[in-house]
Amino acid sequence: MFDLFKKSLRKFIPFYKETKTKDEDTAGSMFQIDFEGFQKSIHYKIIDRSYFITALTHRSFLKVKSNPLKIGIISNERLEFLGDAVLDLVVAEYLFKNFPLNEEGDLTKFRSILVNKKFLAERAKNIGLGNYLLASFTAKKSIEEGYDTILSDAYESIVGAVFMDSGYDAAKEFLNEEIFKKLDIKWLNQFDENHKSKFLEYVQAHTDFIPEYSIIKEEGPEHNKLFTVEVFVNKRSLGIGKGKSKKQAEQEAAKNALNHLDVLEKMGLTKKRAAG
């Protein structure tokens, strides 16, 4: 069925070459997918290619004007939805079995890190997933510029495709190879982006104060603001951060403060001992 479909569309390929533009240059790339290379990169033997063609198809590919393949081809959004659910279950099962001494709060924290968009984008980059994506020029350009959502969504779609192609155990094995074999607590912690929480815990553990955040500058128009935030402990500046939102700027300020804990230690703001 797939071969018949592919043959019926081959006549369109010269058309792509003649009218190729930046936003249309991936329109004929379905027949350029190196499935052998792709299988090696994901360490999985594909049974039904159609699942993976869908998993690799970003919605921008369907909007390319000269793309005659869009009839009968769908984006990876439905497989992303499925892959997200499978990923949640596999990760939860792994953490439950392999971290028996950790409480529910720890397991929840670890799971949130392992299904975080940034983390999944890193795993996608590790297998070179961007090289196989069917997407418009602008979408691929955004990936190069650091927009990770396209990659993380595609990674979840691949998980969904493996699940549909071979079942739950195959999806577990895929994630075991790609994630769990490399897993340890220090490795997990580097993806924990809640710098405010970390800084608060440290300050409360070592002093009698709590961090206070203050917006010191707002720049740009309403629809594209840039905030600058400074974090203080006992009215002493520990870090400055910038971001598109107040929360993002606060996280950046806390991150910078965590890189300068020696300054806090030199302040002599040690925790007072209870009288006894």
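Taking a ≥ b ≥ c as the square roots of the eigenvalues of the alpha-carbon gyration tensor, the stretch 110-212 is classed oblate because a/c is 1.5 or more while a/b is no larger than b/c.
Extending 7 Å from Cα along the Cβ direction at ARG236 and again at ILE216 yields two label points whose distance is 1.6 nm. Quick check for me: using +1 on Lys/Arg Cβ and -1 on Asp/Glu Cβ, what's the dipole size of the stretch 195-266 about its Cα centre, in debye to the nearest 20? Around 140 debye, computed over the stretch 195-266. Modelled label positions at ASP48 and LYS117, each set 7 Å beyond Cα in the direction of Cβ, lie 3.0 nm from each other. Segment PHE99..PHE180, full-extension length gain: 27.9 nm, with 0.36 nm per residue of separation and the alpha-carbon distance subtracted. Residue pairs exceeding 26 angstrom between C-alpha atoms, taken from LYS141/LYS198; LYS196/LYS244; LYS125/LYS181; LYS97/LYS255; LYS117/LYS255; LYS181/LYS246: LYS141/LYS198; LYS97/LYS255; LYS181/LYS246. Legend: calculated FRET efficiency, LEU89 to HIS260, from the Cβ-Cβ distance at R0 = 45 Å, rounded to 0.05, equals 0.65. Packing, taken as the mean count of other beta carbons within 10 Å per residue, orders the peptides 155-162, 170-177 from highest to lowest as 155-162, 170-177. Convex hull volume per residue, computed on the Cα atoms of the stretch 195-266, equals 66 Å³. Backbone amide hydrogens, once placed in the peptide plane, bring LEU134 within less than 5 Å of THR57, HIS58, excluding anything fewer than 5 places away on its chain. Estimated from the Cβ-Cβ distance and a Förster radius of 51 angstrom, the FRET efficiency linking LYS40 and ALA205 is about 0.60.
No value in this document is a laboratory result; all are computed from the given coordinates. This one's a predicted model, so the numbers in the text were calculated from it and none came from an experiment. FYI the Cβ positions are ideal-geometry reconstructions off the backbone, even for glycines, and counts take in every protein chain you see.
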